[in-house]
Structures are given as C-alpha cells and as structure tokens.
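What follows is a single structure, written as structure tokens, with notes after it.
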Amino acid sequence: MATLNEEIRAFIVESFLFGDTSRTPGDDDSLIENDVVDSTGILELVAFVEDNLGIPVADAEILPANFDSIAKLAAFVTSKRGGLQQDDAA
Amino acid sequence: MCGVIGYFGDRVPTQEARHLLHRMAVSVQHRGPDDAGFYIGDGIGFAHRRLSIVGIADGHQPMANVEGSLVVCFNGEIFNYVELRDMLEARGHRFRTTSDTEVILHLYADRGDECVDHLNGDFVFALWDASRRRLLIARDRMGVRPLFYARRENTLFFASEVKALLGVPGLSAEMDPFALDQVFTFWAPVPPRTIFKDISELPAGHLLTADDGGMTVRPYWDIAFPDAAEREDGRAEADVADEVLALLDDATAIRMRADVPVGAYLSGGLDSSITCALAKPYAQSGLRTFSVTFGSQEHDESSYQREMVRALGTEHSSIFCGSDEIAEAFPSVVLHTEKPVVRTAPAPLYLLSRHVRDEAMKVVLTGEGADEVFAGYDIFKEARVRRFCARQPGSQRRWQLFRRLYPYLPGLQQQSPDALAAYFGAHDDDPADPLFSHRPRFRSTGAAKIFFSAALREELAGYDAADELLARIPADFARWHPLHQAQYLETKFLLPDYILSSQGDRMAMAHGVEGRFPFLDHRLVELAARIPPAMKLKGFVEKSILRKATEGLLPPAINTRVKQPYRAPDSASFFTGAEPDYVGRLLNRTAVEKTGLFNPLATEKLLSKCRRQANGFRDNTAFVGVLSTQLWHEAFTKRSAWQPGHHEPSRTIQYGDA
C-alpha cells in the first residue's frame, strides 16, 4: 500500500501538475511558494482530504501550517486520524 | 468606422493591384459594410471599407485634396472635427465636404506630421503625400483603432486587421512563440510584436512614415505623470471634481456627434452609468442602451442595469448570455481577436455588438477606460496593500487587509491571516521593481505555462516576457508615485493590447459597430494623470474623485457601488450545457500533438478535470488559453506541427474568401 505521503504526492502531480513529474514536490517543499497550488488549489486539497481520506476539515484548520507541504499535510492527516480513533474509542 | 488597407513599395500593374486590394478589403468587410473605395498610384495603393457615420453622402474614401497631391484613407472618428474645420477655414482652407476625413487632409497640408497633435479622436489614417512620395500612418493615442503591417521584399503592406494581410501572396501566418509566451503572461502580445511572426502592430500613439529611402516608426504622445516628489498644487478636491465633470461632459458631448443615432452600453457599473447619464441630454431622439445579462449571480448585474434605466429613462434592451451562448460564439470570437485569449470575456461583447447591429444601430458609447484613468482596478489596491505589508513582513494584522480587498471572493474570507500572508507574500517581490504591481498577475497567468510542450519550452528557454516590458518603460517612470507606475502599465499595455482590441474594437467591429470611449479622451487622460494619487484611490475607495464628480448625476446605490470586475464564466462555459464538438476535436491527444505547442497528456488531464468540476483562476486561464490557441492555430495557420526554429516555405492563407 502506498504511504500517505505518496498518496498525497500522486494527487498533487495529477491535479495540479497535470502529470508533469519533472516538478514533483519533495516532502518539505512549499506548495504555495513553488506555485504548485493557489488559494483555489488549497481548497481542492481540502476536498481531497475530505473525499479521499475521509477526514473532515474545519475552516480554522485550513492553514499553511497544515497544507503547505506534503509532510505538513501528512502530519495533519495522521494527527486527525489519531484523534478520530480516540473519538471512536471513547 | 471602417477598415483601411494599403501598400507602398514596388510598382504593381493596376489590374493586379486592384485585384489584391479587393481581396484584402473583402476580408475586413465586416468593419465597413456600407461602401468600398480604392486608390492606386505609382507604387502606392489604398483600399477602404466604409461604415458611414459622419458625412454619409460625401465622405467616400479614399479621399484626395483638390490638387490630387494628398490622399487619405481613414478608420475612426475625429471628434473635434467641427472646431478644427472652423480653425482651418479661418486660415483660408476651403472645404468641399462635411466629413471629418477632409479635415485630416487640410490639417496635414497646414501642419504636416504635427497634425496628429491637434486631433481628438480614435483613428488610424494612412496619408499619401504624392509630391514627397511619402506615406504617413498614424494611430490614436490610446490605441482604440488597430493597424497592422508587414514587409515583403520591397513593399510595405498595412491593414486594420491581420486577416487582410494574410491575403498578401507570400506572407506567412507562422506563430511567434515569444508572442504566445506574452499571451500567457500579459494576456496579449506587446506591440510591435503580434502573434504572427511576420506581422507587426503599430503601437498606440505612434506614427509610421515611409518613403523610397525606408521606414520609421516613432511615438508622438505618451502619458506623462508628475514626479512623486513634485509638490501637489494644493487644489481643493471639489475644484478638481468640477473640472473632471466638465471635461467628461465635453468628452461625451463630442462623442455624440454623428449623422446616425448614438447608443450606449450599460453594464450597471459606475463607469457606463456615468457615460449614459452624461449622454442622455445629447441624444436628441432619446438614448438607447444595451446590456448583457448572465445566468449566474456571480456575473450578473441586471438589477443595477434596471435601476439606471429607471433613473435615466432610456430605451433599454439586453441579451442573455449563458454558457451555451459563450461556447457557441467562442470560435468566431477567436477569428476576430486574431490572437489567443486567456478569458472568455470577449464573447459576451461579441454577442452584444451583434444585438446592437440587429437593432439597426452603428455607434455606442462605453465606459471603458475609467478604471485605467481613475484607478478603479483591484490590482491598484492590491499593489498598495502588498507594499504596506512588505514594510513590516512579520506583521500578521496587515495581511487581513486582503479580505477587504476581495469581498466578492468567498473563499478568501475564511482564510486566516497566516494563509493570506502565505498566498500574497509568498514571492517576496521587491517594491523597487518597476513591475511590482503586476508581478502577481504575471505569475498567476504564467502558471498556465506548465502546459507548454517540451519543444516550445526549449524554444523559449532563457526568455522572460517581463524583460521585454521593462525595456519599454520610460526613463522617468522610477520617479513616479507607485500608483501612477501601476496605472501606466495598465493603460499602456493591457488597455490597448487586450481590453480595447480583444474586448473592444474587434468584438464591436465584428458586427460593424463602432465603440466610443469618453473616458479615453486624451484631455481627460492628461488631467487625470496630474490628479494626486490619494484623490483617485482614497483608502480602499477606488475612483474616488470620479465618484465625487458625478455624485449628483447617479442614484446613490450606483455612485457608491464597489467595483465588480467584468467577468464571464470561463471553462464552465464549455461544460455546463452540451459540450461543443470543437473542444474534444482540438484538445484530444492527437490534435494537441499535431500543433506541437502544448503537452498532449497534460492537456488531456486538464480537459477531464474541467469536464468534472468547476475550476479556479489558474486552471481556467490554462483551459481558455490552450483552447483559444488551438482554435487560432486551426483558423489561421492550417499547418501541421509547430517546431522550434522551423521555417516553412511561406504560403498564402485564404481567409473568408473561399
């Protein structure tokens, strides 16, 4: 199974780079500063997280700290999954 | 309004010249359906297609003076022709007609090339001075009317539209890849460059002269802003507002001069509401107004249109422009823009001019130009906020201003200051860069270049379109106020190269309709340039002085309206209803591979993304840009693969003449 980072990366290459793998971002590359996503693009990323990864995202969570790189997004998703599991257990 | 066409150079047998001029003129017939005329001299030829508006009975062109030593071929209007005629008659000139065309002949005889300094109008004219064997071509200051030219061997050919030049044997329709890069950066090529490699455009406010010794192109006018350090004259705002209103009123009044009724476009925004309100008293048999309505609330302004119609009592009619209408019109739109575009916004204007023609009108006033001249565009506010933020890069509060900047973008309202700082401050632009105000637009448009093919990228390697713009900036630019710098860029480049051509002249003339622009009267442009920046952009209130000047003229709801950018649905236009056949035909992998300009696989993915969902700015730009380029290629070049540095043998393009 693809790791979470790879899953996110594949979505980014497909949706924002239209298959141009020469510009594939590394885990810590800023998606905004490298013009990979614009403000609409961030909302597409939010939709991806909700639709494909099943994680609801609150407005207050749409922050560069959570969405500006593959690593940040993966960390956000992982922490949310942890939170969800805890909720389930409760 | 009309189409002008001609050549100067090698002698051509009369029969052949007549045939060539006729063929070129037919391709711009839409510009002047009323009349046609020819002049053939020694190594010189003119053709004219006429839309009769002033001096209907006696304004036939090309027109010569009594001696036959001067011949003029003219497209456009000289609005101050009445005053110029009085002045010239007082100096002993005798007129044979009532037309504005004859004024140009006498004024040239009186003043030579400096005649242009006296003209207030939207014009392109070609004037043959037979005794000096010298051709003069002039284009109006703001670039309302177009003029293209090309040289083939020893002959200079010129025409109001490129399609006429493509009728010249041996002139190729090859694409200039650098111009395409400019479309995907600035929204249009910067003249003299055009999207056609072998064809040039005479820049606005320039003269072209040619004689047997050669050809020169030189500017005769430019916008002069004062030095930022210069002390303001301290005039009271109310005083300035009075002067603005008086001049705008006169600019409107002289634009109502015509031997046919003059109507007006009414979008419901501040600018067209002002032109309509000022025009109304001058419309002797009532003012007819025209507008576009959209289905989506995001784009539609019809409630404001109704309010203005009620307030002014105009005879109003509108057309509905939905996705299907835009999709259906788009290929014809590209035939008339003659260059790729990154927005569908020209399409509704194409449909509107058709409606105006169907209503048997030929002339309309529009509010175009007010945003450039009085600082109405968001880009001016945005540049100001970016400068403000750049002074305190660590500040979180400053970035929140971006929310106030774009109240009509709901997505932005939810973003945290942190996110706003990330989007708007990501690039750390240097406030000392002359292009500071426009860098974000160039970048966001340029993001669509990811679709360029490997071959095209290779050809463009090392090329930066912005450098070409930097080279065109006047020497004293650095001393101007930042708002004036931004206004200059907008007024000198986007206005003539995109707004007045792809959304202006070309869309109106597609149906033989002449647009007139009171806000672009050069006296008003010169006055506005000297108005202190803080009176134009006052805090976050754009066009403040203009609002003040027109307070008594408009209903308060219109006078205080925040600018809503004129936009049309972009990629969604092609997928909301039935997808038009040409989309799949031009964007499939094979077709894209064949033209060679874009990456076929990426384009395919873009197409399927657009079919699936509504898109943001970047994907819309890319989709409309790629589609219009493919349409342009099919319509104009009819060639197979584009290759870097590849020069095909020249060929003649038959256009609209089959």
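The values are calculated or read from the model by the stated rules, or taken from the named source; none is laboratory data. Worth saying up front: this structure is predicted, and the values here are computed from it rather than measured. Don't worry about glycine lacking a Cβ; one is built from the backbone with ideal geometry, like all the others, and counts go over all protein chains shown.
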Task: Qualifying positions in the stretch B:527-577 - acidic (Asp, Glu) and more than 17 Å from B:Glu237 (Cα to Cα) - done: B:Asp570
Task: Sole residue being out of contact with any helix residue (DSSP H, G or I) (no Cβ under 6 Å at 6 or more places or on another chain), at pLDDT 90 or above, closer than 25 Å to B:Val82 by Cβ and assigned by TED's automatic domain parsing to the domain that holds B:Arg145, chosen from B:Gly37, B:Gly32 - done: B:Gly37
TODO: Please give the number of the condition A:Ile32 fails out of (1) assigned to a loop (DSSP other than H, G, I, E, B); (2) more than 10 Å from chain B (Cβ to nearest Cβ); (3) modelled with pLDDT under 90.
DONE: (2)
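Among residues belonging to the stretch A:11-29 that are among the hydroxyl-bearing types (Ser, Thr, Tyr) and touching a helix residue (DSSP H, G or I) at 6+ places or on another chain (Cβ under 8 Å), point out the one that is nearest to the other protein chains (Cβ to nearest Cβ). Write out each step before concluding.
Narrowing the stretch A:11-29 to residues among the hydroxyl-bearing types (Ser, Thr, Tyr): A:15, A:21-22, A:24.
Right, trim to touching a helix residue (DSSP H, G or I) at 6+ places or on another chain (Cβ under 8 Å) and you get A:15, A:21, A:24.
Numbers: A:Ser15: 7, A:Thr21: 11, A:Thr24: 12 Å.
For the stretch A:11-29, the residue satisfying everything is A:Ser15.
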Task: Residue match in the stretch B:448-462 (condition: under 22 Å from B:Pro177 (Cα atoms), outside any helix (DSSP H, G or I), outside the structural domain of B:Asp521 (by TED's automatic domain parsing) and without any contact (Cβ under 8 Å) to a residue 24 or more places away in the chain) - done: yes
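Here is a check on your reading of the model: is A:Ile8 aliphatic (A, V, I, L, M) and either away from chain B (no Cβ under 14 Å) or outside any helix (DSSP H, G or I) (or both)?
Working: aliphatic (A, V, I, L, M): yes; either away from chain B (no Cβ under 14 Å) or outside any helix (DSSP H, G or I) (or both): yes.
So A:Ile8 passes the test.
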TODO: State the number of residues belonging to the stretch A:52-80 that are part of a helix (DSSP H, G or I) and within 11 Å of chain B (Cβ to nearest Cβ).
DONE: 7
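Let's see how each residue does on (1) hydroxyl-bearing (Ser, Thr, Tyr); (2) over 30 Å from B:His118 (Cβ atoms); (3) free of Cβ contacts under 8 Å to residues at least 40 places away in the same chain; (4) in a helix (DSSP H, G or I):
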| position | (1), (2), (3), (4) |
| --- | --- |
| B:Leu527 | no, no, no, yes |
| B:Ile531 | no, no, no, no |
| B:Lys563 | no, yes, no, no |
| B:Tyr566 | yes, yes, no, no |
| B:Thr590 | yes, yes, yes, yes |
| B:Glu604 | no, yes, yes, yes |
Open item on the list: Take the conditions closer than 26 Å to B:Phe493 by Cα, of a type in the set (A, V, I, L, M) and crowded, with 23+ Cβ neighbours inside 10 Å and apply them to B:Leu287. Does it pass?
Closed with: no
- [ ] Please enumerate the residues belonging to the stretch B:565-620 that are surrounded by fewer than 18 Cβ atoms within 10 Å (Cβ to Cβ) and among the β-branched types (Val, Ile, Thr).
- [x] B:Thr576, B:Thr590
Open item on the list: I'd like the residue in the stretch B:525-540 that is more than 17 Å from B:Leu495 (Cβ to Cβ) and of a type in the set (D, E, K, R) and, out of all such residues, is farthest from the chain's Cα centre (by Cα).
Closed with: B:Lys538
Open item on the list: Is it the case, given these coordinates, that B:Pro169 is out of contact with any helix residue (DSSP H, G or I) (no Cβ under 7 Å at 6 or more places or on another chain) and not in a helix (DSSP H, G or I)?
Closed with: yes
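When you look at A:Leu43, is it within 8 Å of chain B (Cβ to nearest Cβ) and in a helix (DSSP H, G or I), yes or no?
Numbers: within 8 Å of chain B (Cβ to nearest Cβ): yes; in a helix (DSSP H, G or I): yes.
Judged against the criteria, A:Leu43 is a match.
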Task: Members of the stretch B:28-40 that are assigned to a strand (DSSP E or B) and touching a residue at least 60 places away in the same chain (Cβ under 8 Å) - done: B:Pro33, B:Tyr39
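Table: residues versus (1) within 13 Å of another protein chain (Cβ to nearest Cβ); (2) in contact with a helix residue (DSSP H, G or I) (Cβ under 7 Å, 6 or more places away or on another chain).
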site: B:Ala432; (1), (2): no, no
site: B:Leu435; (1), (2): no, yes
site: B:His438; (1), (2): no, yes
site: B:Thr445; (1), (2): yes, yes
site: B:Lys449; (1), (2): yes, yes
site: B:Ala455; (1), (2): no, no
site: B:Gly462; (1), (2): no, no
site: B:Asp467; (1), (2): no, no
site: B:Ala471; (1), (2): no, no
